[in-house]
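Student: Quick one: the structure is below, questions incoming.
The values are calculated or read from the model by the stated rules, or taken from the named source; none is laboratory data. In this text the structure is predicted, and so the values were computed from the model without any measurement. We place every Cβ from the backbone using ideal geometry, glycine too, and count neighbours over all the protein chains shown.
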Amino acid sequence: MKISVIGCGYLGAVHAAAMASVGHDVIGVDLDSAKINALSAGRSPIYEPGLPELLTAGIETGRLKFSTDLADARDAHIHFIAVGTPQLQNAGGADLAYVDSAITSLLAHLSDGDVVVGKSTVPVGTAETFREAVEARGARLVWNPEFLREGFAVKDTIEPDRLVYGVADGDTTSVEKLNEVYATAIEAGSPVIVSDFATAELVKVAANAFLATKISFINAMAEIAEVTGADVTKLADAIGHDKRIGRKFLNAGVGFGGGCLPKDIRAFTARAEELGRGESVAFLKEVDAINLRRRERVVELVTEELGGSVFQKKVAVLGLAFKPNSDDVRDSPALDVAVRLNGLGANVVATDPQAMKNARQLHPQLVYGPTDEALADADAVVVVTEWPEYKDLDPAAVHRVVRTPIVVDARNCLDADSWAAAGWEYAGLGRQVKNGREAT
Ligand code: UDX
């Protein structure tokens, strides 16, 4: 099928490449010429495992093209809207300016029978506001939310857990066309749920609100564990064995960040308040507050471990991305912790396998360097993103290069016993400090 993808960011670039890989002819459109030049040359502007290979293959077969000119979407019949919906400045709601501009500009290029497919995360009620304008062009509108996780975006796009199509009443034609677009995934077993617009829009924010709540739930338990002598990681293992609860998304730590969870729960709250149903999701404000408190707690823990002040102490911050396998620092708890420690006068040297470039753009005041530079003569080491290279660090070897063997494991991703056995003072979140320094 001939497909256009409007917006080539974390979502759109992957969607375009994935659609080409399953045999469609795809044109990706974005206003950012630097991004389009990179993509056209087969270079991924973001760090996303598997994407470079998919781009190269798509470009080589001639099935994948990129352009800054929306008129190039004219030959396509299915148009995916994959632009961002960031948080409004100084408010919790979603900024729909990019969605509005993408759909409005696309109208002039639509032909009879085309389908416009919204993938962007939007407040419930948004699709309905564009329906009339799209239908006036003889086209149809569908809302088809995306559930991809950064770091696994290629797999999640090619083999989605589920496909959700929000369609206008009785629009079986769009359902058939989307089934054709996603034929490979459907044949491989991805279930399809067809609904109205509102349900499809809500599915996305409800899923992210649930995930955020699950993380904040375990982080709230971590707060209680900290004052009672309990261990939240064992607690998570124990409750996670209950299949109704499940162990996934119960990792207590510095909390969630990224381009989705934080802004989605805020936008959901803002929309519910507009609808007069603020109380239904009032708990999401608590979810947000618990999450933000964890960042403060990490800074507090580093301060406690350093004897009450971080001033002029060298702190190695390992991790800047909001999670491993990503270069994304949007609303990253790791970057936030680095900035806070730096603001308190610590000599922070921050590092990350992929996210230093993006972090430097946002916070040029921080000192960045490779891992060995960060660790050399450090008074404390803070692990804030659970990259495999940090989980695999040899505590004995690191002990030899730091000034003081203090490690704050803000992701509970290190083996506390082996770090303590190697002579470290180990402090996790929601767990008791293990003082291995006394033994050595
Ligand atoms: C999320 C949703 O998972 C995805 O379905 C949706 O389409 C977009 O938002 P993503 O932002 O890529 O995806 O990351 P995710 O893997 O969900 O992690 C979100 C944040 O939660 C990260 O900062 C991660 O470190 C944190 N997290 C996750 C925890 O703190 N504990 C956990 O147990 C799991």
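Student: Residue check: is I6 in contact (Cβ under 8 Å) with a residue 40 or more places away in the chain and surrounded by 24 or more Cβ atoms within 10 Å (Cβ to Cβ)?
Tutor: Yes.
Student: Give the range 234-251 a look and list any residue that's within 11 Å of the ligand (Cβ to nearest atom) and part of a helix (DSSP H, G or I), or say none.
Tutor: Answer for the range 234-251, where residues must be within 11 Å of the ligand (Cβ to nearest atom) and part of a helix (DSSP H, G or I): A236, G240.
Student: Something else: Can you tell me which residue in the range 140-196 is nearest to H15 (Cα to Cα), limited to those that are in contact (Cβ under 8 Å) with a residue 24 or more places away in the chain and of a type in the set (S, T, Y)?
Tutor: Checking each candidate, the answer is T157.
Student: Please identify the pairs in which a residue from the range 256-276 that is more than 22 Å from L335 (Cβ to Cβ) has its Cβ atom under 7 Å from the Cβ atom of a residue that is more than 16 Å from the ligand (Cβ to nearest atom) and basic (K, R), counting only partners at least 6 apart or on another chain.
Tutor: Note: pairs meeting the criteria are T269/K285.
Residues checked against (1) surrounded by fewer than 20 Cβ atoms within 10 Å (Cβ to Cβ); (2) touching a residue at least 40 places away in the same chain (Cβ under 8 Å):
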residue	(1), (2)
R360	yes, no
P388	yes, yes
P405	no, no
Y426	no, no
G436	no, no
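Student: Condition test on V382, is it within 16 Å of the ligand (Cβ to nearest atom), in the same structural domain as W419 (by TED's automatic domain parsing) and either within 22 Å of L429 (Cα to Cα) or part of a loop (DSSP other than H, G, I, E, B) (or both)?
Tutor: Answer is yes for this residue.
Student: Another question, if that's okay. Could you tell me which numbered condition V254 fails, if it satisfies all but one of (1) farther than 22 Å from D409 by Cα; (2) among the β-branched types (V, I, T); (3) outside any helix (DSSP H, G or I)?
Tutor: (1)
Student: Shifting gears a bit: Based on what the data block shows, is V302 of a type outside the set (D, E, K, R), in contact with a helix residue (DSSP H, G or I) (Cβ under 6 Å, 6 or more places away or on another chain) and in a helix (DSSP H, G or I)?
Tutor: no
Student: Say whether the condition of being outside any loop (DSSP other than H, G, I, E, B) and more than 30 Å from R131 (Cβ to Cβ) is met by at least one residue in the range 188-203.
Tutor: no
Listed here are the residues, each with its yes/no results for (1) under 23 Å from the mean Cα position of the chain (by Cα); (2) more than 25 Å from Y98 (Cβ to Cβ); (3) of a type in the set (A, V, I, L, M, F, W, C).
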residue	(1), (2), (3)
L31	yes, no, yes
K35	yes, no, no
L39	yes, no, yes
G62	no, yes, no
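Student: Mind checking which pairs have a first residue in the range 96-112 that is within 14 Å of L70 (Cα to Cα) and a second that is of a type outside the set (A, V, I, L, M, F, W, C) and surrounded by fewer than 19 Cβ atoms within 10 Å (Cβ to Cβ), Cβ under 7 Å, 6 or more apart or different chains?
Tutor: Short answer, once both residue conditions are applied: L107/R137; H109/R74; L110/R137.
Student: Further question: Given the conditions (1) on the phi > 0 side of the Ramachandran plot; (2) within 14 Å of the ligand (Cβ to nearest atom), report the number of the one that I215 does not fulfil.
Tutor: Going through (1) on the phi > 0 side of the Ramachandran plot; (2) within 14 Å of the ligand (Cβ to nearest atom) one by one, I215 breaks only (1).
Student: Does V310 qualify as being among the hydrophobic types (A, V, I, L, M, F, W, C) and more than 16 Å from the ligand (Cβ to nearest atom)?
Tutor: The answer is yes for V310.
Student: Only one of these is β-branched (V, I, T), surrounded by 23 or more Cβ atoms within 10 Å (Cβ to Cβ) and more than 16 Å from the ligand (Cβ to nearest atom): V254, V302. Name it.
Tutor: V302
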